[in-house]
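> Submitted below is the structure of interest, expressed as structure tokens.
Every number here is computed from the coordinates shown, using simple stated rules; none is lab data. The structure presented is a predicted model; accordingly, all values stated were derived computationally and were not measured. Cβ: placed from backbone, ideal geometry, glycine included. Neighbour counts: every protein chain shown.
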Amino acid sequence: MDRRKFLGAASAVPLTAAMATMAKAQDKKFTIALVPGLTTDAFYITMNKGAQAAADALGVELVFQGAPDFNPVTQVPVLDAVIARAPSAILIAPTDTTQLIEPLRKAHDAGIPVITVDTFIGTGVYQTGAGDADFPLAYIASDNILGGKMAARALAAAIGGAGKVYVSNVKPGISTTDQREAGFKTAMAEEFPDVVVLETQFNDNDANKAASQLQGVFARDADLKGVFGANLFSALGAGNGVQQAGQTGTIKVVAFDAPGSIVDNIKTGLVDVAIAQHPAEIGYFGLVSAFAHLTGNSIPVSIGTGFTIMDASNIDNPDVAKYIYSE
Ligand code: T6T
């Protein structure tokens with residue numbers, strides 16, 4: 001066999017096999033459901049855009065179906081309805097690490113592959129044969145512990161390395177925001193001994209509650225130096241609270257997530273730093289992973305997406321601004 005023929009033969013086999021699988025896949029139109037934490041959150045709207053871009057490229061029908069608030073009580077009936085329609089696969093941001101295990105097992109038992117995006121169930125370590133929540137095929141998300149540490153470093157820098165701060169958070173039991181708080185507290189304890197982290201305030205994803213909690217903390221601790229808003233609504237509310245207390249620029253705000261409203265707050269000086277996730281990439285890789293699995297390929301059990309740190313110095317840079325969430 002001459003060299004050209006040899007090369008052709010060597011590469012043709014896997015290539016043809018892959019193409020045949022793809023072609024077979026495209027004979028059947030897959031329908032993939034994306035169940036977000038809630039439908040009206042710019043984070044999940046942006047995730048859906050990324051998933052839609054992949055779906056368009058692969059000829060997949062994408063169905064975006066979720067609840068109006070971030071709550072297992074409203075998410076589970078939506079999930080049940082999605083399972084009843086027997087999609088080819090489900091991408092879901094579970095709203096609670098334990099309460100979504102049994103509802104998602106129903107999908108798994110019905111033969112519907114499950115991939116979790118953004119949040120996880122159980123420990124988030126899947127396909128190990130251990131525990132009762134390892135059945136999802138993959139987890140695709142930001143590294144939320146790292147994100148919390150990044151927030152701590154940004155807030156410590158903003159307050160000059162000393163003083164009282166607290167975390168404005170959603171509620172316990174959400175993998176992402178639990179991990180952000182844990183990462184934040186670890187970094188503060190290990191790297192910033194002069195920062196005092198006060199008790200976390202839980203706002204149930206209600207920005208108004210987060211705003212009044214800020215005022216409550218400030219009333220008790222008038223020397224409050226900063227707050228970390230651990231997700232979009234926590235950060236927005238904490239910022240509003242700082243403004244309502246007349247403390248703009250004095251009480252520093254570090255925000256997780258980057259909707260247009262937070263970017264506006266960076267421009268007015270209310271928010272110092274926003275840690276933007278890359279939700280479009282989470283949606284894109286989620287969709288591609290589901291398609292790869294459905295067409296007979298193995299997929300990574302975990303995919304981590306990145307962050308972009310936004311502040312007044314870089315927010316007008318198009319390479320940074322492209323990560324502002326869609327509304
Ligand atoms: O921060 C995101 C997401 O990562 C988290 O799981 C829930 O809150 C957001 O959707 C922002 O509102």
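> For the chain, with only Lys/Arg (+1) and Asp/Glu (-1) charged at the beta-carbon, what is the dipole magnitude about the Cα centre, in debye rounded to 20?
That gives the chain a dipole magnitude of about 780 debye.
> So, one more: For region 144-276, what is the charge dipole size about the Cα centre, in debye to the nearest 20, if Lys and Arg each add +1 at the Cβ and Asp and Glu each add -1 at the Cβ?
Once rounded to the nearest 20, the dipole reads 100 debye.
> ³J(HN,Hα) across region 288-294 via Karplus (A = 6.51, B = -1.76, C = 1.60, θ = phi - 60°), whole Hz, x for Gly/Pro?
5, 5, 4, 4, 4, 4, 5
> Which of the listed residues, Phe135, Val227, Phe285, is farthest toward the dipole's positive end in the chain, when Lys, Arg count +1 and Asp, Glu count -1 at the beta-carbon?
Phe285
> Here's something else I'd like to know. Could you calculate the contour length gain from Asp80 to Ala162, that is, 0.36 nm times the residue separation minus the distance between their Cα atoms, to one decimal place in nm? Walk me through the numbers on the way to the answer.
Working: separation 82, 0.36 × 82 = 29.52 nm, distance 4.88 nm.
Net length gain for the segment: 24.6 nm.
> Starting from the Cα gyration tensor of region 144-276, take the square roots of the eigenvalues, sort them a ≥ b ≥ c, and report rounded, prolate or oblate (rounded when a/c is under 1.5, otherwise prolate if a/b is larger than b/c, else oblate).
rounded
> Quick check: the distance between the Cα centres of region 178-240 and region 253-267, to the nearest angstrom?
Rounded to whole Å, the Cα centres lie 15 Å apart.
> Out of residues 5 or more away from Lys252 or on other chains, whose amide H comes under 5 Å of its own, with H placed 1.01 Å from N in the peptide plane?
Gly226, Val227
> So, one more: Along the positive direction of the dipole of region 90-202 (beta-carbon charges: Lys, Arg +1; Asp, Glu -1; about the Cα centre), which of Ala156, Phe120, Asn144 reaches farthest?
Of the listed residues, the answer is Ala156.
> Using the structure shown, list the pairs from Lys164/Lys322; Lys49/Lys252; Lys106/Lys171 with a Cα-Cα distance above 30 Å, or answer none. Don't skip to the answer; put the middle values down first.
Values: Lys164/Lys322 33 Å; Lys49/Lys252 32 Å; Lys106/Lys171 26 Å.
In this structure, Lys164/Lys322; Lys49/Lys252 exceed 30 Å between Cα atoms.
> I've got another one for you. Please give the charge dipole size of region 106-198, origin at the Cα centre, charges +1 on K and R Cβ atoms and -1 on D and E Cβ atoms. Round to the nearest 20 debye. Numbers along the way, then the final one.
Numbers: 7 positive and 10 negative charges, 59 e Å.
It comes to approximately 280 debye.
> Contour minus end-to-end for Lys49 and Val125, with contour as 0.36 nm per residue of separation and end-to-end as the Cα-Cα distance?
This chain segment gains 24.7 nm when fully extended.
> Out of residues 5 or more away from Val195 or on other chains, whose amide H comes under 5 Å of its own, with H placed 1.01 Å from N in the peptide plane?
Amide H neighbours of Val195: Gly163.
> Could you give the length gained on full extension between Val196 and Asn317, defined as 0.36 nm per residue of separation minus the Cα-Cα distance, in nm?
On the way: separation 121, 0.36 × 121 = 43.56 nm, distance 3.41 nm.
So the chain would gain 40.2 nm between Val196 and Asn317.
> Using a Gaussian network model of the chain with C-alpha springs under 10 Å, which one of Lys28, Lys164, Lys49 is most mobile by mean-square fluctuation?
The residue with the greatest mean-square fluctuation here is Lys28.
> Hey, another quick one. Apply 1/(1 + (r/R0)^6) to the Cβ-Cβ distance of Thr39 and Gln99, taking R0 = 22 Å, and write down the FRET efficiency to the nearest 0.05. Don't jump to the answer; show the numbers that get you there.
Working: r = 19 Å, r/R0 = 0.86.
My answer for the efficiency is 0.70.
> Calculate how steeply helix 207-220 sits against the longest principal axis of the alpha-carbon atoms of the chain, using the helix alpha-carbon long axis, and give the answer as 0 to 90 degrees to the nearest 10.
Taking Cα atoms only, the helix is inclined about 30 degrees.
> If you don't mind, there's one more thing I want to ask. Do any GluC sites (Glu not before Pro) in region 143-204 lie in a DSSP loop with no more than 13 other beta carbon atoms within 10 Å, and if so, which?
Glu199
> If I model a spin label as a point 7 Å beyond the Cα along the Cα-Cβ vector, how far apart are those points for Asp109 and Thr248 in nm?
Here the answer is 5.5 nm between the modelled labels.
> With the convex hull built on the Cα atoms of the chain, state its orientation-averaged projected area in nm².
In nm², the orientation-averaged hull projection of the chain is 19.6.
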